[in-house]
Amino acid sequence: MEYYSLKMRASQQVGEGEQKHEQHISGAERIVGRDSVEAVCSAMVRRAMNHSKGDPDFINVKIEKVHEYDIRILKALPVTRIDVDTWQEGLDKAFGLITPLMGSGCGLREKLQELLRVTFPMRGAMLYDIATGERLEPDHERGVRATYMDALHSSEVDGCKNHFNEAIVLATKVANAPGMVAEFCVSDDPNYVTGYVASKELGYVRIMKMKEMGDENGGRIFLFDSRKASAEECIEYLQKKKVLVDVRA
C-alpha cells in the first residue's frame, strides 16, 4: 500500500515593523493511503479556516510519500482518566505523578512549574535532561516537535479535531523515544482544558482540567535522561521516525 504523510500548519501575522512575526494558530498531520490524500487535505484546510484562535493569514500543506517498510506500528499506551474539580487540583495531580520519575531532590515541583511557563510561547516541546538539568532542544524558541505519526485505524477523511486520539498517538510515540522518561502536556487550545502526563510506566493519564477555559497558554515538556540515550538519537526518532499507533481498545 502507498502511504503519504500530510502536514498542515496555519498561522497569523502579528505585530508591526521589526516586531512583525508569524504566530502559530493551527496544525494537523496524518499518514493516509493514496486514495485519501485529496479528501484529507481539504479537511485540513477547513479545519485551519475554522479555528478558535481566528482566521489564518498563511496555510501551508505538505505532502510527502512514505514507504510502508519505514513505518513502525506501536500499541497505544493504556489510558487512565482523572477527574478533578479545579484546574489547580489538576496541575497538582500531574506534578505529583511526574516528579517521582525525575529522581530525588528538593524543589522538583517548582522546577516543573517554571519549565511549563517557559514553554507557553514555544511551537514545539522542551527537551529537558533530568540527569543534568539542561535544556537540549537545538532551538530554544521553537522547541522539538514529534512528527510523522497517525492512528492506525483512524477515519481517513475526518478533518475534525479529535484531541484524545491525537494526544494518545503523540504520547505513545514520545514514550517510545530513546531515553524518554515522561511527557507533560497542557493544550494551548483556549476551548480545551484537558491535559495529560504520559510514560511507559504511567501509561497515558488524562487529567480533565489543567487550565481555565479561555486560557490560550499551553505547553509540552519531554523529560529525557541522557544517561540512557543521546539527545541526537532521541530527536532523530521524534522528528523523523514514521509511526502508526493502534488505538483500538
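The values are calculated or read from the model by the stated rules, or taken from the named source; none is laboratory data. Since the structure is predicted, the reported quantities are computational estimates derived from the model, not experimental observations. Reconstructed Cβ throughout: ideal geometry from the backbone, glycine too, with neighbour counts over all protein chains shown. The protein model used for the area step is the full one, side chains on, heavy atoms only, and it has no ligands, DNA or RNA in it. Shrake-Rupley method; radii C 1.70, N 1.55, O 1.52, S 1.80 Å.
Mean-square fluctuations from a GNM of the chain, with a 10 angstrom spring cutoff on Cα atoms, peak among L108, L91, L152 at L108. Solvent-accessible area of the chain (1.4 angstrom probe, protein heavy atoms only): carbon and sulfur portion equals 46 percent. Taking all protein chains into account, the per residue accessible area for the chain stands at 50 Å² (1.4 Å probe). Note on K65: aspartates and glutamates with a C-alpha under 15 Å away, same-chain residues under 8 apart excluded, are E2, E29, D35, E38, D150.
Placing +1 on the Cβ of every Lys and Arg and -1 on the Cβ of every Asp and Glu, with no other charges, gives the chain a dipole of roughly 500 debye about its Cα centre.
Rg and Dmax of segment 175-249, based on Cα coordinates, read 14.1, 40 Å.
Specify which residue in the list G27, G179, M208 is farthest towards the positive end of the charge dipole of the chain, using unit charges on the beta carbon of Lys, Arg (+1) and Asp, Glu (-1), about the Cα centre. Result: G179, furthest along the dipole toward the positive end. Taking every DSSP bridge with both residues inside the chain, close to 70 percent are antiparallel. Ranking L116, L152, G96 by how far each Cα lies toward the positive end of the dipole of the chain (charges on Cβ) leaves L152 at the top. Share of pairwise Cα-Cα distances greater than 34 Å in the chain is 14 percent (whole percent).
Calculated from DSSP H runs of 4 or more alone, at -39500 (n - 2.57) each and per residue, what is the 222 nm mean residue ellipticity of the chain, nearest 500? Please report the intermediate quantities before stating the final value.
On the way: 5 runs with 60 residues, N = 249.
Helices in the chain give a 222 nm mean residue ellipticity of -7500 deg cm²/dmol.
Report the calculated FRET efficiency for E216 and H163 (r = Cβ-Cβ distance, R0 = 22 Å), to the nearest 0.05. Calculated value: 0.90.
By the rule of a C-alpha distance below 12 Å, with chain neighbours fewer than 8 residues away ignored, the aspartates and glutamates paired with K228 are D129.
Longer than 21 Å from Cα to Cα, which of K20/K53; K7/K211; K111/K240; K173/K211; K75/K242; K93/K211 are they? Say none if no pair is. Each step should come with its number before you reach the end.
Values: K20/K53 18 Å; K7/K211 28 Å; K111/K240 30 Å; K173/K211 25 Å; K75/K242 14 Å; K93/K211 13 Å.
Flagged as over cut-off: K7/K211; K111/K240; K173/K211.
Each 10 Å bin from 0 upward holds the following percent of the Cα-Cα pairs of segment 16-144: 9, 23, 32, 27, 9, 0.
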